[in-house]
1. Return the Cα extents of the stretch 1-42 along principal axes one, two and three, sorted largest first, each rounded to a whole Å.
2. I need the Debye-formula profile for the stretch 251-298: one equal scatterer per C-alpha, no solvent, reported as log10 I(q)/I(0) at q = 0.15 1/Å, two decimals.
3. Using the Kirkwood radius over C-alpha pairs as Rh, can you work out the diffusion coefficient of the stretch 279-345 via Stokes-Einstein at 4 °C, viscosity 1.567 mPa s, in µm² per second?
4. Report, to the nearest 10°, how far helix 281-306 tilts away from the longest principal axis of the Cα atoms in the chain, using its own Cα long axis and a range of 0 to 90°.
5. Counting only the heavy atoms of the protein chains, how much of D359 is accessible to a 1.4 Å probe, in Å² to the nearest 10?
6. Considering every pair of different Cα atoms, what Kirkwood radius, in Å, is found for the stretch 144-287?
7. Amide H of V139: which non-local residues (sequence gap of 5 or more, or other chain) have their own amide H closer than 5 Å, using H built in the peptide plane?
8. State the dimensionless ratio Rg/Rh of the chain (Rg: radius of gyration of Cα atoms; Rh: Kirkwood radius).
Amino acid sequence: MADKFFEFYSPVKIIAGDGALEHLAFELLARGVSRPLIVTDAGVRAVGLVEPPTGALESGGVTVAAVFDAVPVDSSTATVAAVAACYRANECDCIIAIGGGSVIDSAKTANILATEGGDDVRAHAGAYTLKRRLAPLFVIPTTSGTGSEVTSVAVVRDEKIGTKLPFVSQFLMPDVAVLDARMTLALPAGLTAATAMDAMTHSIEAFTCLAKNPLSDAYATAAISKISQNLLRAVTTPKDQHARLELAVAATMAGVAFSNSMVGLVHSLGHSVGALAHLPHGLCMNVLLPYVLEFNLPVRAELIGDLLRPLAGDDVFAATPREQRAAAAISRIRTLRDHLHRDAGLPRTLQETGKVRRDQLSQIAAMALDDGSLLLNPRTVNHAEALSVLERAWG
Ligand SMILES: [Fe+2]
């Protein structure tokens, strides 16, 4: 059998663990920059998460030049232009993003305008339009889920036409990601659970979809293991620094995995549900994950069975007969979802979300068929099949 071609690229420097924030000043100065613009949102600033990085930078001899704290939940091209204007007005020379996916993607795309000039980022949308390095970008995630701190992708809403505008370039990869438990300790249980299940889905889809490769497999399985061992602890004892750091590292590892091996049907359906019902992405992932795995089971039984080891540990894996492992892995995910429902209020079905109508399922299925994530799902999907997955996920 011919060996399958693959590529793997992961250039982001990861700084993690106790005192990680205190290393950030060195990373700026080592890159010859010292006037950072902090990009964040009002919520992150209100809970006091701008101060720890700012204080750590000052101790290291770096003064923040400006703070832009008005990134909305669903960031847009207008926000990106405003961030770039703030960067120029304060003569900044690098960007530090402090926040979740919307903040990080806004910082990535504002960095295009900061470097290339202009105020219409739409001119740079699409794949591989950038031809040179951007200003240094440092990312401090305050959720543990999107993995955007290690991906070459950003998505913002086109203010003019209201649709999502994707950007893909190796130059969008941040220079440094800082993972410090202090930055996620205040994350509420519901958000902790939903974002972690996004990371879980990134790992599981990277491991089971068509672009899997041995390197992303290693990241994916390690991330699944960390999430399985630490998510419930982080939800029930939110100040557990070890559990928080493990989730942050897992989300980043899952980001590395899926940025190299892509995602599949959970994301195709989830993007459509999220867009139509205005539901958070991680919540949609949590709802859809087991139903898509059951759909993919006929063509992926062995790989889904392999997931039992990182999901349940070596002993359970060894004690489970080979032909029962796939079902046991899916059952394990269902049990995890039951606990997240109990402890964090996370819905397990579309019906439990209270935001999706059953008569919308056909439209969601149709939208999902146009989603790029479908291309690498291991089993081809038509409208009737997508609809039947949604019907099962209805509850
Ligand atoms: Fe995702």
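The values are calculated or read from the model by the stated rules, or taken from the named source; none is laboratory data. Just so it is clear, the structure is predicted and the values come from calculations on it, not from any experiment. A quick note on method: Cβ atoms are made from the backbone with ideal geometry, for glycine too, and the neighbour counts reach across all protein chains shown. All accessible areas refer to the heavy atoms of the entire protein, side chains included, with ligands and DNA or RNA removed. Shrake-Rupley method; radii C 1.70, N 1.55, O 1.52, S 1.80 Å.
1. Sorted largest first, the three principal extents are 53, 25, 25 Å.
2. -0.43
3. On the way: Rh = 12.5 Å.
Once the numbers are plugged in, D ends up at 104 µm²/s.
4. Result, in degrees: 50.
5. About 120 Å², ignoring ligands and nucleic acids.
6. After inverting the mean inverse Cα-Cα distance, the result is 15.4 Å.
7. Amide H neighbours of V139, under 5 Å, 5+ apart: A97, V176, A177, V178.
8. 0.96
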